[in-house]
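Enquirer: Dropping a structure here in structure tokens format, bear with me for questions.
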Amino acid sequence: MSSSTQTITLGGGCFWCTEAVFVKVRGITDVESGYSNGTVRDPSYEQVCTGTTGHNEVVKLQYDPAQISTRQILEIFFVIHDPTTLNRQGNDTGTQYRSGIYYSNEEQQRIAQELIAEINKDGVLGKPVVTEVKPLDNYWPAEAYHQDFFEKNPYQGYCVAVAGPKVAKFRKTFAALVKD
């Protein structure tokens, strides 16, 4: 990781879907599925799924700000999930699926808060954004079988029904940011 690389962590529902999009984004140098902002040390997927650990399913992104800005990353994030539903993305319900931006520095926090304010002011989503904006806390990588799940299992039912359409939406909406 170069000294100019930054890290931001995003919770947009199931991490399989969020990861499937961000591995395709130009300027993103690493994507890791994990769990953050909960109370248990090194939780398992099964523990997080109960909703009792307080963790969110997230993707930790390393990126090169010379190739993609924090704002561009967050614009993609707000298009590929519904930031107006509390603790829910589609059929996935529970606090582990909440919309969240977990920042690594104050500039990321400022950009996130400004973008949310703009979205709410413009009313483009029809409902207020409920995305939490907090510093990254108690992060743990998800188990190995969750990493690159969509790439390894493109024909798995959930991937076909949910992750695939998110990737297609990203490719259509942000064509200039798709990795070659």
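The values are calculated or read from the model by the stated rules, or taken from the named source; none is laboratory data. Remember, it's a predicted structure, so these values are computed and weren't measured experimentally. A quick note on method: Cβ atoms are made from the backbone with ideal geometry, for glycine too, and the neighbour counts reach across all protein chains shown.
Enquirer: What pairs come up if the first residue lies in the range 146-162 and is within 17 Å of residue 89 (Cα to Cα) and touching a residue at least 12 places away in the same chain (Cβ under 8 Å), the second is among the small types (Gly, Ala, Ser) and surrounded by 12 or more Cβ atoms within 10 Å (Cβ to Cβ), and their beta carbons are under 9 Å apart, counting only those six or more places apart or on different chains?
Expert: That search, which allows pairs on different chains as well, returns 159/20; 162/13; 162/90.
Enquirer: Looking for whichever is closer than 20 Å to residue 105 by Cα, at pLDDT 95 or above, in contact with a Gly (Cβ under 6 Å, 6 or more places away or on another chain) and surrounded by fewer than 24 Cβ atoms within 10 Å (Cβ to Cβ) here; the options are 72, 67. Which one fits?
Expert: Working: 72 fails: in contact with a Gly (Cβ under 6 Å, 6 or more places away or on another chain).
After ruling out the rest, the residue left standing is 67.
Enquirer: Then there's this: Looking only at the range 141-180, count every residue that is hydrophobic (A, V, I, L, M, F, W, C), more than 23 Å from residue 55 (Cβ to Cβ) and in a helix (DSSP H, G or I) and tell me the total. Let's see the steps before the verdict.
Expert: From the range 141-180, those hydrophobic (A, V, I, L, M, F, W, C) are 142, 144, 149-150, 159-163, 167-168, 170, 174-178; that's our starting set.
Still in the running and more than 23 Å from residue 55 (Cβ to Cβ): 160-161, 167-168, 170, 174-178.
So of that shortlist, the ones also in a helix (DSSP H, G or I) come out as 160-161, 167-168, 170, 175-177.
Counting residues in the range 141-180 that are hydrophobic (A, V, I, L, M, F, W, C), more than 23 Å from residue 55 (Cβ to Cβ) and in a helix (DSSP H, G or I) gives 8.
Enquirer: A further question on this structure: Which one of these does residue 158 not meet: (1) crowded, with 16+ Cβ neighbours inside 10 Å; (2) modelled with pLDDT of 95 or more?
Expert: So residue 158 meets the others, but not (2).
Enquirer: Would you please name the residue that is farthest from residue 24 (Cα to Cα), looking only at residues in the range 140-155 that are aromatic (Phe, Trp, Tyr) and surrounded by 13 or more Cβ atoms within 10 Å (Cβ to Cβ)? It would help to see each step written out before you state the result.
Expert: Kept after step one, since they are aromatic (Phe, Trp, Tyr), are these residues of the range 140-155: 140, 145, 149-150, 155.
With the extra rule that they be surrounded by 13 or more Cβ atoms within 10 Å (Cβ to Cβ), the set shrinks to 140, 149-150.
Values: 140: 23, 149: 14, 150: 12 Å.
It comes out as 140.
Enquirer: Out of 92, 180, which single residue is at pLDDT below 95 and under 18 Å from residue 24 (Cβ atoms)?
Expert: Numbers: 92 fails: under 18 Å from residue 24 (Cβ atoms).
180 is the lone residue from the list that is at pLDDT below 95 and under 18 Å from residue 24 (Cβ atoms).
Enquirer: Given the structure, is residue 86 outside any strand (DSSP E or B) and more than 17 Å from residue 13 (Cα to Cα)?
Expert: Working: outside any strand (DSSP E or B): yes; more than 17 Å from residue 13 (Cα to Cα): no.
Considered against the rule, which asks whether it is outside any strand (DSSP E or B) and more than 17 Å from residue 13 (Cα to Cα), residue 86 comes out as no.
Enquirer: On the given criteria, is residue 72 in contact with a helix residue (DSSP H, G or I) (Cβ under 7 Å, 6 or more places away or on another chain) and farther than 24 Å from residue 177 by Cα?
Expert: Values: in contact with a helix residue (DSSP H, G or I) (Cβ under 7 Å, 6 or more places away or on another chain): yes; farther than 24 Å from residue 177 by Cα: no.
No.
Enquirer: I'd like the residue in the range 1-51 that is surrounded by fewer than 20 Cβ atoms within 10 Å (Cβ to Cβ) and hydrophobic (A, V, I, L, M, F, W, C) and, out of all such residues, is nearest to residue 106 (Cα to Cα).
Expert: 1
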